[in-house]
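The values are calculated or read from the model by the stated rules, or taken from the named source; none is laboratory data. The structure presented is a predicted model; accordingly, all values stated were derived computationally and were not measured. Please note: Cβ atoms are built from the backbone with ideal geometry, for glycine as well, and neighbour counts cover all protein chains shown. Heads up: the accessible areas ignore ligands, DNA and RNA and are worked out on the full protein's heavy atoms, side chains in. Shrake-Rupley method; radii C 1.70, N 1.55, O 1.52, S 1.80 Å.
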Amino acid sequence: MKNLICLALLGFAFTAQAENCVIDLKADDQMKFDQTEITVAASCKTVQIKLAHIGKLPVTAMGHNVVIALTTDIQPISMDGQKAGAAANYVAADDKRVIAHTSVIGGGATTTASFPGSALKAGTDYSFFCSFPGHWAIMKGKLTVK
Ligand code: CU1
């Protein structure tokens, strides 16, 4: 009986390990993320966003953030974010289309953010992108939830 419980716990541990709950990205001075597709588990209690800017340019010239939203909302969120400006991290206040976002950082900096996994639904077309003016058109990737 004890062995059975051990096996069950071991199985659970392996399952838990396979479920990714971190959106871990690096960004550079070339206006690029190091990944174009990330998958997180639908069962994540909390999803963490980690962003490392590995470039050298200052935040005013090559600032980057990570915004999580429906792929169809990338452009409108970015347009409103541009109007909101740098002080707002290029995300409009109370933008309901934004599932989560980090602050905007410059070269050499890192930032994190987290949000409840319940905000994501499996099989929905999400993206991660940078809302810094002019970046959203190319600085983005697919976020898959399953
Ligand atoms: Cu950017």
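Observations, loosely collected:
- Per-residue HN-Hα couplings for the stretch 128-137 [Karplus 6.51, -1.76, 1.60; θ = phi - 60°; Hz; x = Gly/Pro]: 10, 7, 9, 9, 4, x, x, 8, 4, 5
- Close amide H pairs (under 5 Å, H built 1.01 Å from N) link T144 with I38, T39, V40, residues at least 5 positions away or on another chain.
- For trypsin sites (Lys or Arg not before Pro), the sites in the stretch 95-144 that DSSP calls loop and that have at most 12 other Cβ atoms within 10 Å are K96, K121.
- Extreme residue, positive dipole direction of the chain, given options F129, G85, V59 (C-beta unit charges): F129
- J(HN,Hα) series, the stretch 55-65, from Karplus relation 6.51 cos²θ - 1.76 cosθ + 1.60, nearest Hz, glycine and proline x: x, 10, 5, x, 4, 5, 9, 9, x, 9, 9
- Out-of-range pairs (alpha-carbon distance over 28 Å; input K26/K121; K56/K146; K56/K96; K45/K96): K56/K146; K56/K96
- Working note: Cα gyration tensor of the chain, eigenvalues times five, square-rooted, sorted largest first, giving semi-axes of 32, 17, 12 Å.
- Dipole magnitude of the chain, debye to nearest 20 (Cβ charges: Lys/Arg +1, Asp/Glu -1, about Cα centre): 260 debye
- Distant-in-sequence amide H partners of S114 (H built 1.01 Å from N, under 5 Å): I49
- Probe 1.4 Å, protein heavy atoms only - accessible area per residue of the chain in square angstrom: 55 Å²
- Heavy-atom surface analysis with a 1.4 Å probe gives the chain a carbon and sulfur content of 59 percent of its accessible area.
- Percent antiparallel among DSSP beta bridges (both partners in the stretch 19-145, rounded to 5): 65 percent
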